[in-house]
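Written below as structure tokens is the structure these notes are about.
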Amino acid sequence: MSTTTEIVLRAQETIPAPDIEYGQLAPVLIVIGAAVVGILFEAFLPRRARYVAQTLLSGLALASAFAAVVGLAVAGNASTEAGLVAMGALAVDGPTLFLQGVILLVSLVSLFTFAERRLDPRAHGRHVDSFAAEGAAVPGGESEKAAVKAGFTTTEVYPLLLFAVGGMLVFPAANDLLTLFVALEVFSLPLYVLCALARRKRLLSQEAALKYFLLGAFSSAFLLFGIALLYGYAGTVKYAGIAEVVADTNSGVTEALAATTGNDALLLTGGALLLAGLLFKVGAVPFHMWTPDVYQGAPTPVTGFMAAATKVAAFGALLRLLYVVLPGLTWDWRPVMWGVAIASMAAGAVIAVTQTDVKRLLAYSSIAHAGFILAGVIAATPAGISSVLFYLGAYSFVTVGAFAVVTLVRDAGGEATHLSKWAGLGRRSPLVAAVFAVFLLAFAGIPLTSGFTGKFAVFKAAAEGGAGALVVVGVVASAVAAFFYIRVIVLMFFSDPRPGGPSVAVPSPLTSTAIAIGVLVTLVLGVAPQYFLDLASQAGVFVR
Amino acid sequence: MNPVNYLFLAALLFTIGASGVLLRRNAIVVFMSIELMLNAANLALVTFSRMHGNLDGQIIAFFTMVVAAAEVVVGLAIIVTIFRSRHSASVDDAGLMKL
């Protein structure tokens, strides 16, 4: 009887509304809000008006979200004012703001390549972009022909891009395991769809989407089971709470908690499953199998975006997990990450040597780079965090730029990605070949490019953090990797062009801007990196 | 009944799902196996929630269901497009990009 009255009384009390810090959440809210508006555009605007409206909306949203990130950083949210927002679900601190800024800028540059419509010849008098006229139409079928003739374009890619960016902004900021999981899915699901939407070579594109989806869902199931086990161990999903239980400094031990914390199997298995889920997104060996196929099959603008931004977001989440949740387990995760880093560097560099397709080559190079970045993660020092932040910023712009160049080299079948077709490109189009050479040199880590500064910072941090052997492996892998980057440069400049080889399309200012920004960032971060290194080292403190 | 038994059941279901993903050929069945893994995680979450006496695990289970539903939407769309263009949903047939 008494319990019933109590329940009735409680029901009459007002529910306290949670405090939401809209200011600190502004970057995420702007991007997700614009994505929702983009969907409304799809529903209500006539087809002809959608392209202009969607590109303007997406560009404005990304730019204003970046302005919001800068505003938060200037207001001290990266240092003195750093804290937890949205009832502790998100942490707004230095690493969060730095990575959100990088993700937003890279997405803005990718948006330019998404919006490019001058590369393909006109279809029925209309400009077309890299995306299928109608994603649902069977390739080569009647409905596809009708859609092309009617001039349909898949403008849904812009809201999908914004949703993916929204998830990526939350991912490195997530401060509990539930937010981590939801953010992971919010950015993965749009990417699966984007992969399936290529205009040319649609069977390849759909196959890439299928592989990415099945393996991605498989890995997120592992991540979720890891979350369940960690929750079982600690009785909470909040990062700080788990860290306290792991370090044994928590207050208020209940009987159930005493039983589960005694069981290290829950902690170790849960942590390992969680790491497996994140390493999949990063594309580190042995969870790299999807990378070459998906990079090759996806539309090239999507590949560039995914290769750059996903890596930034996933490494952000990985850093926070290892440095905030599991610092008490450093001695357990370090050997495992050593193995993963060495395997990634070695396998990525060695297998890339045998590749004959530019996109697959860049995919294996991204696996090797995941290994280099992991070397900085393993350092487990503040210098390790800031070197990883800097490397991610440098690497993402090189990647987007390189894939933007790949979209330019075309023959009758669309993009000519086979390396043999790139022979002699430097004689026919010296500028494009020179720009691509700059990106390749940056990937290889040659001085005066951002790749060198990034690698130097990461290896220095790793050596000081007691991972000297890893640095040796890293340098050897870099040397192997340099071989195949230089080989492509030699192929472009010192072999004779083939008759009937590809031509270089003249892009609109959109792609030109994207490539120019890529080159500019690569050279500035290589020649005068000090300001950005300082920025990264100031940003390298996690709030708890 | 000791709640730990439900954890063993969850682990068993998860393993069955994982082996299904690795062994089955049909993309739809692979996808169903993934859903089984998600549901195994849900069972573990709810059991832990009961053991610890707080509601976090049950709330996560609800979120997982929503996420799984969203995954079905995207996944079935991709599998159906593949089936329509190739008249096969076998993951072994999707081999255009081998090295």
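The values are calculated or read from the model by the stated rules, or taken from the named source; none is laboratory data. Keep in mind that this is a model prediction, so the values were computed, not measured. All Cβ positions, glycine included, derive from the backbone under ideal geometry; neighbour counts span all protein chains shown. Please note that ligands, DNA and RNA were not included when accessible areas were found on the heavy atoms of the full protein model with its side chains. Shrake-Rupley method; radii C 1.70, N 1.55, O 1.52, S 1.80 Å.
Does A:A243 count as at the interface with chain B (Cβ under 7 Å from one of its Cβ atoms), of a type in the set (G, A, S) and in contact with a helix residue (DSSP H, G or I) (Cβ under 6 Å, 6 or more places away or on another chain)? So that I can check it myself, show each step before the final result.
On the way: at the interface with chain B (Cβ under 7 Å from one of its Cβ atoms): no; of a type in the set (G, A, S): yes; in contact with a helix residue (DSSP H, G or I) (Cβ under 6 Å, 6 or more places away or on another chain): yes.
Against the criterion (at the interface with chain B (Cβ under 7 Å from one of its Cβ atoms), of a type in the set (G, A, S) and in contact with a helix residue (DSSP H, G or I) (Cβ under 6 Å, 6 or more places away or on another chain)), A:A243 does not qualify.
Just the residues that are in a helix (DSSP H, G or I) and of a type in the set (V, I, T), please, taken from the range A:349-399.
Applying the first criterion (in a helix (DSSP H, G or I)) to the range A:349-399 yields A:349-353, A:358-378, A:382-399.
A:V350, A:I351, A:V353, A:V358, A:I367, A:I373, A:V377, A:I378, A:I385, A:V388, A:V398, A:T399 - these are the residues of the range A:349-399 that are in a helix (DSSP H, G or I) and of a type in the set (V, I, T).
Just one of the numbered conditions (1) open to solvent by 60 Å² or more (accessible area, probe 1.4 Å); (2) in contact with a helix residue (DSSP H, G or I) (Cβ under 8 Å, 6 or more places away or on another chain); (3) basic (K, R); (4) under 26 Å from A:L197 (Cβ atoms) is not true of B:R84; which one?
(2)
Hey, among A:A469, A:A479, A:A514, A:A461, which residue is crowded, with 18+ Cβ neighbours inside 10 Å and more than 19 Å from A:V406 (Cβ to Cβ)?
Working: A:A469 fails: crowded, with 18+ Cβ neighbours inside 10 Å; A:A479 fails: crowded, with 18+ Cβ neighbours inside 10 Å; A:A514 fails: more than 19 Å from A:V406 (Cβ to Cβ).
Of A:A469, A:A479, A:A514, A:A461, the one residue that is crowded, with 18+ Cβ neighbours inside 10 Å and more than 19 Å from A:V406 (Cβ to Cβ) is A:A461.
Report, ordered by the first and then the second residue, all pairs with beta carbons closer than 9 Å, sequence separation of six or more or different chains, a first member in the range B:15-28 that is more than 11 Å from every other protein chain (Cβ to nearest Cβ) and within 18 Å of A:E207 (Cβ to Cβ), and a second member that is surrounded by fewer than 14 Cβ atoms within 10 Å (Cβ to Cβ) and not polar (S, T, N, Q).
Pairs found: B:R25/B:D92.
Take B:N39 and tell me if it is open to solvent by 50 Å² or more (accessible area, probe 1.4 Å) and closer than 19 Å to A:S219 by Cβ.
Values: open to solvent by 50 Å² or more (accessible area, probe 1.4 Å): yes; closer than 19 Å to A:S219 by Cβ: yes.
Spelling it out, B:N39 is indeed open to solvent by 50 Å² or more (accessible area, probe 1.4 Å) and closer than 19 Å to A:S219 by Cβ.
Kindly provide the set of residues from the range A:187-203 that are more than 13 Å from A:V302 (Cβ to Cβ), touching a residue at least 40 places away in the same chain (Cβ under 8 Å) and at the interface with chain B (Cβ under 7 Å from one of its Cβ atoms), ordered by number.
Passing the criteria: only A:L203.
For the range B:69-87, enumerate the residues that are of a type in the set (G, A, S) and more than 9 Å from chain A (Cβ to nearest Cβ).
Step one: list which residues in the range B:69-87 are of a type in the set (G, A, S), which gives B:69-70, B:75, B:77, B:85.
Correct list: B:A69 only.
Output the number of residues of the range A:120-152 satisfying the condition of being open to solvent by 10 Å² or more (accessible area, probe 1.4 Å), within 14 Å of chain B (Cβ to nearest Cβ) and under 26 Å from the mean Cα position of the chain (by Cα).
Of the residues in that region, 1 qualify.
Limited to the range B:48-59, what total is found for residues that are touching a residue at least 24 places away in the same chain (Cβ under 8 Å) and more than 8 Å from every other protein chain (Cβ to nearest Cβ)?
So the answer is 1.
Any residue at all in the range A:153-165 that is more than 16 Å from the chain's Cα centre (by Cα), open to solvent by 10 Å² or more (accessible area, probe 1.4 Å) and not polar (S, T, N, Q)?
yes
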